[in-house]
Every structure is written in structure tokens, then in C-alpha cells.
Amino acid sequence: MPPAKLDAEAMARRAAGFIAPGDVVAVDTGLPSLIPGVTPPELGAWFLRNDGMLNNLPLSLADAAAITRGGYVNLAIVNAAQVDAAGSFAGTVSAANPDRQPPANSVDLAAGSGRVIAMLSHTDDQGRPNIVEALSSPADGLRCVNAIITDIAVIEVNGGGLALSEVAPGWSVDDVRAQTDADLSIPPALREMDFSLPANAPPSKVYPDGPSAIADVPDGATVFIDGFGGPGGMAHYLLISLRDRGSRDLTIVSNTAGIARVVSFGTPPGRTAIDHSVLIENGQVAKAIASFPVSPSVSRPSEFELAYRRGEVDLELVPQGTLAERLRAGGAGIHAFYTPTGAGTLIAEGKESRNIDGRDYILEYGLRADFAIIRAHKADTNGNLVYRGTSRNFNAVMAPAARVTVVEVDEIVEAVQLDLEEVVTPGVFVQRIVKRPDGFTGYE
Amino acid sequence: MTFSKLYDTPATAVADIHDGATLLIGGTTRSGEPTALLAALLTIGVRDLTCICDFADWDGSEGILQLAQAERIARVISPFPFVGENGGVIHKQWRDGALAVEVIPQGTLAERLRAAGAGIGGVFTPVGLGTRLADGKETRTINGVECVLESPLRADFALIRADRADALGNLAYRGAQRGWNAVMAPAARITIAEVDTVGEPGAIDPELVITPGIYVNRVVYTPPTGDRG
Amino acid sequence: MTADKERLDRAIIAMRVARELPPGATVNLGIGIPTLVSMFVADDSIVFYHSESGVLNCGPLAEDGNEDIDLINAGGQFLEPVPGMAYFSSVDAFAMIRGGHVDVTILGAHQVSATGDLANWMLPDRGVGNIGGAMDLAAGAEKVIVAMEHNDRNGNPKVVQECSFPLTGKGCVSLVVTDVAVMEPTPDGMALREVAPGWSPDDVQSVTGARLIIPDTVAEYEV
């Protein structure tokens with residue numbers, strides 16, 4: 001006679017053991033919703049719930065889903081009714097309720113996450129196995145489960161099928177096999193479940209200075225740079241750091257390609273505004289993707305326009321709203337979208353056009369970068385950002401769309417000091433934080 | 001002339017909702033449901049409604065359940081149409097053929113609403129591929145990832161709830177109220193918000209406005225009662 | 001030679017455009033003459049201004065000495081803070097535009113065609129140009145009004161049968177207000193609606209590149 005099965009809290013503790021410091025963890029309703037309560041806070045995990053809360057940070061559901069689909073979830077823990085030998089799972093459809101349709105947020109989690117863990121009772125309420133050779137109802141996630149946590153075992157899913165990696169205290173391999181309707185391989189490393197939890201803090205996101213924060217920007221990188229046009233919202237200190245680092249053949253993606261130097265925007269007399277021009281005149285830029293690349297005045301050409309006329313740089317011109325939407329798509333896991341902007345113009349050439357409900361659209365693709373160099377007003381040590389006024393513009397859109405987002409801020413505060421209703425960019429999108437040195441201005 | 005989006009009562013704010021209308025209903029579980037607007041809707045007797053919402057058949061969604069009990073709902077579009085092991089009134093009406101149900105993945109519902117509000121004609125998303133929720137939809141492989149084409153989803157009216165508003169319709173939320181309400185506000189022809197407090201323009205710090213007034217047509221002050229979350 | 005007749009100044013063009021803004025409308029103003037329009041909206045008619053820099057319900061240009069680099073319009077001009085503003089990102093700014101939430105946009109132009117095509121982002125001689133938010137506004141705003149001088153610096157007509165410059169949007173313009181006339185693009189061609197004081201319909205036609213549809217009665221420019 002096997003011993004008692006694990007209770008829900010013990011299962012949640014075992015699931016919490018899968019979380020690495022700083023992980024973004026999407027937790028489904030049901031069993032997975034218990035995990036945040038048993039996870040040591042020191043671990044610095046970000047729990048994303050299906051009501052749009054990211055820890056205590058309120059998000060719209062569109063932004064919450066973008067985190068999942070955009071690939072920011074390291075670990076998704078879904079509430080399953082059945083899992084099969086291929087790692088497909090079904091939601092709460094069960095033999096007892098065959099006509100019920102499943103809650104459909106696990107479908108989102110299955111599609112966008114790094115690792116997917118399914119949690120479920122090993123058997124249903126009539127004692128029939130829930131771990132099966134093939135699902136008895138339609139899948140809600142196809143071949144996406146990496147590990148299964150039940151009330152008697154932990155099972156790893158690999159290409160070849162299911163491997164029993166842990167058993168609950170007192171349970172034998174044969175006991176588990178007797179309650180499973182799929183082949184289980186038994187690796188030599190099989191062990192009893194361990195419920196101890198690590199409490200290592202994630203590495204700090206705060207960097208001592210600009211050069212250290214951009215030291216690994218390689219030649220040929222794609223870099224997002226904000227700055228709507230004027231000095232507001234531009235990461236001047238990081239731009240100078242990138243110039244001094246000297247990375248070459250950069251593709252820069254930005255609203256302008258550097259016009260602050262040739263348009264006053266309130267520049268004090270005798271000073272020169274810092275903008276993209278510092279990279280262009282240093283020969284670091286191969287291409288710009290921009291909506292407003294050149295000076296509004298023909299008679300005062302920018303560094304970019306001069307380099308463009310010399311044939312030294314390429315230009316991809318993108319309407320401003322399309323640029324913003326491509327960045328948003330890049331960060332939100334939307335691979336392409338139809339927009340009416342630019343239909344019937346030069347911008348549409350070479351692109352798919354489509355009439356949808358009587359309106360012309362063109363197909364545009366998501367845009368991602370290796371690095372984003374952005375500016376915010378304040379950051380907390382978790383990387384949550386607030387901006388000031390219209391300087392939010394592209395900064396908030398670029399942060400989610402880069403592999404590494406580096407932010408320059410006026411002030412860094414402890415994690416509890418920001419009003420969470422005011423946070424615009426959640427820290428999951430920010431990898432590095434640099435304080436702009438006191439007295440540093442946007443002018444040379 | 002002073003300009004104001006303020007309506008005196010929930011009843012006047014929902015008076016032109018018509019039979020057959022498509023409604024977005026904000027809130028998730030107990031947080032952010034527009035209960036006063038739903039109660040007013042029940043009294044005006046409209047029928048054949050299509051309701052797009054997060055949790056439908058859930059004990060906490062009193063307003064939606066009351067509409068269902070009064071047989072006003074013809075169709076439910078939701079990621080969670082049936083919750084609870086035995087199902088509720090919506091589940092029963094669906095089994096009886098009295099009401100249609102469409103299940104959409106939660107994130108895809110949010111993205112389809114966002115597309116409608118943002119003038120996007122369709123999006124290619126990997127979500128749902130290979131499941132029955134993608135059946136019959138156009139697919140395409142982009143950058144090596146197989147995606148489903150999802151269309152914008154717009155509505156005639158959005159009934160939403162916020163913590164506070166100003167007379168220009170700018171809204172701020174509290175906690176999880178933001179979830180669906182902020183996504184739905186831009187996606188309807190007419191957006192009606194019930195709020196706990198109302199102020200003059202400037203009452204909300206411009207950094208804290210989550211739904212700008214451009215998306216909000218009507219605001220009703222509904223003083224908080226009891227356990228509304 | 002009618003081109004020598006007195007033309008209206010930029011402020012009068014802006015005043016005429018201001019009459020097109022219905023109370024309660026949300027309006028996006030382009031750079032140049034359009035920026036002047038806000039000065040002429042009647043005190044008893046409230047309109048809301050949207051800027052793709054990421055602010056709604058924004059106020060007038062900032063007073064000297066009150067400039068804040070974190071409060072600008074799409075042209076980079078500093079704005080005065082006013083009660084009731086809301087800030088948002090570029091993606092939200094353009095969601096508002098493309099999603100049809102901006103009722104009216106007022107733009108400048110290099111050329112407008114008889115059927116309402118708009119060209120305002122590139123002069124071919126320069127070989128490069130700035131699109132900025134113009135294509136999104138042309139595609140997304142419910143109503144696009146062009147406010148411009150009738151002829152360019154060299155006297156070339158800017159109201160043309162077909163645009164020769166690269167387009168910003170096709171068939172998107174619903175009204176054209178210039179320093180000599182008010183015109184409405186239609187599927188059949190450019191219809192003349194009003195003429196500047198002292199100008200006859202024939203005078204306007206003589207400085208226009210599109211064949212004008214001239215109704216029996218043409219009003220004098222009302223401001």
C-alpha cells in the first residue's frame with residue numbers, strides 16, 4: 001500500500017524548486033497559483049498572474065500577454081488535466097465533463113514560454129491515470145511540456161518520452177508506474193523529491209558607469225536609441241559611452257538619425273547637443289532605421305544626411321507609427337501585422353498588400369535588437385522605470401524589444417520606493433541600469 | 001461652454017444600448033467589474049447581447065450572471081466561459097442550445113481587442129497553433145515560427161470600471177482593475193466608465209493616467225458600496 | 001495676371017481652418033500653418049489636442065523661460081503644462097491615430113491631388129525626406145484637412161491633378177484651405193468651395209494645377 005500523496009502545498013514547494021533567481025514565472029490558476037506563496041522572496045522571482053498582476057505591479061492584459069508571447073517568461077506553470085508522452089497537455093477537460101471547454105490562458109502560456117511545467121494530480125477522482133500515452137481530449141498545448149509535477153512524482157519530458165526523475169517520499173517506481181498510463185524510463189539519477197528551496201538573490205542590475213554597461217556591444221550589432229527629436233528622453237551619457245567603446249557597423253533604430261545638433265530645441269548658446277551624430281561622425285554607423293532621419297531644414301544638413309549623401313550609410317525609412325508598432329510587435333511576440341499606414345505609397349513597395357473589410361493594409365514585421373539604449377527618469381533596483389512627460393515616447397516601446405536593455409536614469413531608488421501604479425516599464429524588460437553622472441548635460 | 005463626459009446615472013449612460021449589441025465587459029474575477037452599469041443594463045431589458053469578457057460563468061461575476069439568468073445573452077466570447085466543476089447558468093444555457101460560446105486564448109483576446117483599438121488589420125501570433133482554438137484560421141511561417149492570423153475584435157459598447165476619472169474622461173485604476181478595463185476602453189465605439197471618484201481636469205497626475213480620455217465617451221460616478229474590489 | 005492679387009496671410013488660413021473643428025473634437029496639428037490653428041479656436045468651442053510626442057489635452061506653446069525638455073509637441077516645440085493632460089508612449093500615440101480616435105488632423109502639404117491624394121514628406125530634389133507621423137495621420141485620422149499656401153515659392157501650383165511627388169496617403173484629404181481658396185477633393189475631382197476676397201473662380205483656376213469643379217455659386221472665404 002503506497003503512502004499518502006503530496007498535498008497541494010508540497011507540490012507547490014517542489015515546483016518552486018524549479019525557479020532560478022530573477023526568473024519570470026507565469027502561474028496558471030489552480031495548483032500553480034499556490035507557488036508564489038511558498039517561494040522565498042529573496043529569489044527575486046517575477047510572478048505573472050492571469051489577472052495581469054506582475055508581483056504587485058498592475059498591467060493591462062495586453063501587456064501581460066505580451067510578456068508571455070514575447071519570450072520573457074522563463075518558466076510557465078500550467079494547471080493540466082492530462083499530459084501525454086509527447087509533452088502535450090489538455091486543460092480541465094476530463095472524462096467526467098467531456099463537453100466543457102478549457103480555460104484558455106494555458107494556451108498562451110504554452111506558446112511563448114522558455115520552460116513549461118504541468119502540475120496535476122497523478123490520477124483523476126476515479127483513480128484513472130492522468131499521465132497517458134495519448135490525450136483523450138484535444139490538446140491545449142502541443143509538445144510543449146518540459147516537466148510534470150504530480151502528487152507522487154516529477155517526470156521529465158524529452159524527445160524520447162517520459163523519464164521518471166523523482167518520486168514522492170515513500171513511493172516506489174512500481175507504485176508510480178501502476179498509476180501511470182504511459183511508458184516511464186527510469187534514469188540512474190532517480191531520487192526522492194527534495195522540498196528545500198534556494199534563496200539566492202539575482203545579480204544586481206545596477207552598473208557602476210556607462211562604459212561597463214555597454215562594454216559588450218559588438219561590431220555589427222543592432223541598437224535601439226531613443227530620443228524623439230530633442231534632448232528629452234535621450235540617453236546622452238550612454239551615447240558617449242558607446243562612442244568611446246567604438247563598436248562599428250552598427251544598425252541604429254531610432255525616430256530620428258540625429259537632428260538635435262542641427263535643430264535648436266533649446267540648446268544653450270555656444271553648446272552642441274549630443275545626439276546620434278556622435279556615432280555617425282565616428283564612423284560607427286552602417287545603417288539607420290528611422291522615421292525622421294534628416295534635418296527639417298535642407299540648408300542645415302545633419303551628420304547622418306551628409307554621410308548618406310557620401311554613400312557611407314544606408315537608410316530604411318519607416319513611418320513613425322509603424323516604427324512604434326514594429327517595435328511593440330518585436331517585444332510582444334507578434335511576428336507580423338497588417339497596418340493601413342503607407343498603403344498606396346512608396347512605403348508599400350515590395351510588401352504584401354491586402355484589402356481587409358474594404359480597407360487597404362500592408363504587412364509589416366516585428367523588429368528586435370541586440371541592445372536598447374534608453375533613458376528614463378527613475379529606476380528602482382528591480383529595473384522598474386518611470387519617465388517624465390513626453391520623454392516616455394519610444395523609450396517605453398523599445399525596452400521590451402531588445403535582448404539587452406540598458407537604461408540611463410536620473411535617479412536609482414530601492415525596490416519599494418516607486419509607486420507601482422506609476423511604473424511604465426516593468427523591470428522584466430530592463431537588464432542594466434546606469435545613473436547619469438551628476439552634472440552631466442546633453443551638450444558638449 | 002464647459003465640456004464634460006459626466007452622466008448623472010448608470011441608467012442614462014447605458015440608455016442607448018440596443019438589442020443585439022456587442023459589449024465588452026471589463027474586470028477579472030471580482031476586481032474591476034462594472035457592476036452598476038450591468039445592473040442598469042438589466043433594468044432596460046435589452047436582449048440578444050454578445051458579451052465579451054474574461055470570466056463569464058463565475059459566482060463573482062454577478063452582473064453577467066444576472067444578465068444570463070434573465071436570458072439576455074445570445075453569445076459569450078471569453079477565455080473562461082465555464083468555470084467551476086459543475087458549470088453555472090451559462091454552461092447550462094450553452095448545453096441547451098440557448099446561447100453560443102466562443103473560447104479565445106486570454107492573450108489572444110487581449111491582442112485582438114488591442115488591434116481593434118489601434119487600427120491594426122490583423123496580427124500573426126504563435127499562440128494556439130495546433131490546438132482547436134486555431135481551427136480554420138490562416139497560418140503562415142514567419143522567421144521559422146508558424147503563426148496564426150488573428151483579426152481585430154471590436155464592439156459597439158465597452159462597459160468598464162476605473163478607480164477615478166476627471167471630467168475629460170482620463171482614467172486611473174487600482175491594482176488588477178487595470179487588467180481588462182484598460183484593454184477594452186479603446187476597442188469599442190462607445191466606452192462607458194463607472195468610477196469611484198471624479199475630479200476636475202488635473203485631478204489625475206498626467207503620468208498616472210492609464211486610459212487617456214480620448215478612449216472614454218461617458219463617465220458615471222458610482223460611489224463605492226461594500227465589497228466591490 | 002491673377003497671381004499678383006493679394007493673398008491671405010497664414011493666420012487667416014489658420015482662422016478659416018479653425019472653423020472646421022467641431023466642439024469636443026480631438027485634433028492633431030502638423031507643423032507650420034497647422035500649429036497656428038489652435039490660436040483661433042473660439043473660446044466657447046472646446047477641442048482637445050493630441051500630439052504624437054505622447055501627450056493628450058496639451059496646451060499652448062510654453063512662455064519664454066518656462067521651457068521643459070520633457071514636455072514637447074511633435075515639432076519639438078515646448079508646451080505649457082495644463083490641467084487634464086495625459087502622457088503615453090509612441091506606440092499608444094499612434095494606436096490613437098491609426099485606431100480612428102483622432103477626429104481631425106491638419107497637415108501641411110507639398111501637393112494635393114484632385115481626388116485627395118497627399119504628398120508632404122519628400123521633395124524629390126533632396127533625395128531623402130522625413131515621414132515622421134504624417135503617413136499614420138493620413139491613414140488613421142477620421143478627417144484630414146490640408147492648410148497650405150496655394151503655390152510654392154517658385155509659383156508652382158500645389159493643388160494638382162495628379163501628385164508627382166511621393167505620396168503620403170491616397171485619397172485621404174477631405175478639405176484643402178489655402179491663401180486663395182477652400183477646396184474639397186471628390187472622386188470626380190477638386191471642387192471649389194470658397195474664394196479669397198477679390199479672387200474669382202477663374203483667378204483661382206489660373207494658379208491651380210487641377211481642373212476645378214466650379215459650382216454655380218462660390219462663397220467668399222468666411223472667417
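Bear in mind that the values in this text are calculations on the coordinates, not laboratory data. Quantities reported herein were computed from a predicted structural model and do not represent experimental measurements. Positions of Cβ are generated from backbone atoms using ideal geometry, with glycine treated the same way; all protein chains shown enter the neighbour counts.
Ignoring solvent entirely, what values of log10 I(q)/I(0) come out of the Debye formula for segment A:130-289 at 0.09, 0.10, 0.14, 0.18 Å⁻¹ when each Cα is a single scatterer?
-0.61, -0.64, -0.74, -1.04
Among C:145-152, C:20-27, what's the highest-first ranking by average C-beta atoms within 10 angstrom per residue?
Output ranking for C:145-152, C:20-27: C:145-152, C:20-27.
Which far-off residues, 5 or more places away or on another chain, put their amide H under 5 Å from the one on C:GLY132, with H placed in the peptide plane?
A:PHE292, A:GLN320
At 25 °C and 0.890 mPa s, what whole-number value in µm²/s does Stokes-Einstein give for the translational diffusion of segment A:210-435, with Rh from the Kirkwood sum over Cα pairs?
Estimated via Stokes-Einstein, D reaches 136 µm²/s.
Explain nothing, just compute: Karplus ³J(HN,Hα) = 6.51 cos²θ - 1.76 cosθ + 1.60, θ = phi - 60°, for every residue of segment A:71-78 in order, whole Hz, x for Gly and Pro.
Those phi angles translate into x, 8, 8, 6, 9, 10, 10, 9 Hz.
Please turn the phi angles of segment A:173-185 into ³J(HN,Hα) values with the Karplus equation 6.51 cos²θ - 1.76 cosθ + 1.60 (θ = phi - 60°), one per residue in order, whole Hz, x for glycine and proline.
Values per residue, Gly and Pro as x: 4, 5, 4, 5, 4, 5, 9, 10, 9, 9, 5, 10, 7 Hz.
Within a 10 angstrom radius of each residue's Cβ in B:66-76, how many Cβ atoms of other chains show up on average? Whole number is fine.
That works out to 0 on average.
Which aspartates and glutamates, on any chain, are close to A:LYS205 with Cα under 18 Å apart, when same-chain ones fewer than 8 places away are left out?
Candidates past the 8-residue exclusion: A:ASP23, A:GLU42, A:ASP216, A:ASP370, A:ASP380, A:GLU408, A:ASP410, A:GLU411, A:GLU414.
How much of the pair distance distribution for segment A:1-75 lies past 17 Å, counting alpha-carbon pairs only, in percent?
45
Pairs of Cα atoms under 8 Å, at least six residues apart: use those to get the relative contact order of chain B, whole percent.
Rounded, it is 23 percent for chain B.
Ignoring solvent entirely, what values of log10 I(q)/I(0) come out of the Debye formula for segment C:23-104 at 0.13 Å⁻¹ when each Cα is a single scatterer?
-0.38
Per the Kirkwood formula on distinct C-alpha pairs, the Rh of chain A is how many angstrom?
About 24.2 Å, per the Kirkwood formula over Cα pairs.
Could you give the radius of gyration (one decimal) and Dmax (whole number) of the Cα atoms in segment C:2-220, in Å?
Expressed in Å, the Cα Rg and Dmax of segment C:2-220 come to 17.3, 53.
Quick one: work out the % antiparallel among DSSP beta bridges in chain A, nearest 5.
35
Quickly work out the B:ARG47-to-A:ASP244 label distance, labels modelled 7 Å from Cα along the C-beta direction, and quote it in nm with one decimal.
About 7.5 nm, to one decimal.
State the Cα centre-to-centre distance between segment A:116-143 and segment C:29-61 in whole Å.
59
Among B:211-218, A:278-285, what's the highest-first ranking by average C-beta atoms within 10 angstrom per residue?
In decreasing order of mean packing, B:211-218, A:278-285 become B:211-218, A:278-285.
Residue by residue through segment B:103-112, which ³J(HN,Hα) values in whole Hz follow from phi under the Karplus form 6.51 cos²θ - 1.76 cosθ + 1.60 (θ = phi - 60°), with glycine and proline marked x?
Values, residue by residue: 9, 10, x, 4, x, 6, 4, 4, 5, 5 Hz.
Under the Kirkwood approximation applied to all pairs of distinct alpha-carbon atoms, what is the hydrodynamic radius of segment C:106-223 in Å?
It is 14.2 Å.
Cα to Cα, under 27 Å, and not fewer than 8 places away if on the same chain: which lysines meet these conditions relative to A:LYS351?
A:LYS287, B:LYS137, C:LYS143, C:LYS170
Would you mind calculating the relative contact order of segment A:8-192 from Cα pairs under 8 angstrom and at least 6 residues apart, reporting the percent as a whole number?
18
Can you list the residues of segment A:210-236 with backbone N under 16 Å from a point 7 Å past the Cα of A:ASP314, pointing along Cα to Cβ?
Only A:220-223 pass the distance filter.
Can you give the alpha-carbon Rg of segment A:8-192 over 2.2 N^0.38 Å, where N counts its residues?
After normalising by residue count via 2.2 N^0.38 Å, the value is 0.98.
Is there a simple number for the mean count of other chain Cβ atoms within 10 Å of the Cβ of residues in B:179-192, and what is it?
3
Which whole-percent values make up P(r) of segment A:215-320 when all C-alpha to C-alpha distances are grouped in 10 Å steps starting at zero?
For segment A:215-320, the pair-distance distribution reads 16, 53, 28, 3.
Ratio to report: Rg/Rh of chain B, with Cα atoms as the point set and Rh obtained by the Kirkwood method; give two decimals.
0.98
Of the beta bridges DSSP finds with both residues in segment A:329-444, what % are antiparallel, to the nearest 5?
About 45 percent, rounded to the nearest 5.
Once the Cβ-Cβ distance between B:PHE3 and C:LEU123 is put in as r, and R0 is 41 Å, what FRET efficiency do you end up with, to the nearest 0.05?
Once the sixth-power term is evaluated, E becomes 0.55.
On average, how many beta carbons from a partner chain sit within 10 Å of the beta carbon of a residue in B:99-106?
Taking the mean over all residues of the peptide, I get 4.
Please compute the length gained on full extension between A:ASP209 and A:TYR365, using 0.36 nm multiplied by the number of residues separating them and subtracting their Cα-Cα distance.
Taking A:ASP209 through A:TYR365 to full extension adds about 52.7 nm, to one decimal.
Across segment C:25-68, what fraction of all alpha-carbon pairs, as a whole percent, falls in each successive 5 Å bin from zero upward?
5, 18, 30, 27, 16, 4, 0
DSSP beta bridges in segment A:210-435, what fraction antiparallel, as a percent rounded to 5?
30
Run down the aspartates and glutamates and flag those whose C-alpha is under 13 Å from the C-alpha of B:LYS92, throwing out any fewer than 8 positions away in its chain.
Qualifying aspartates and glutamates at Cα under 13 Å: A:ASP99, B:ASP57, B:GLU71.
For segment A:210-435, what is the relative contact order in percent, using Cα pairs closer than 8 Å and at least 6 residues apart in sequence?
Across segment A:210-435, relative contact order equals 20 percent.
Over all directions, how big on average is the projection of the convex hull of the alpha-carbon atoms in the protein assembly as shown, in square nanometres?
Its Cα hull, projected and averaged over all orientations, spans 38.9 nm².
Using only Cα atoms and rounding to the nearest 10 degrees, what angle (0 to 90) does helix B:35-44 make with the longest principal axis of chain B?
90
In what sequence, highest mean first, do C:112-122, B:18-28 appear when ranked by Cβ atoms within 10 angstrom?
The densest-packed peptide leads the list: C:112-122, B:18-28.
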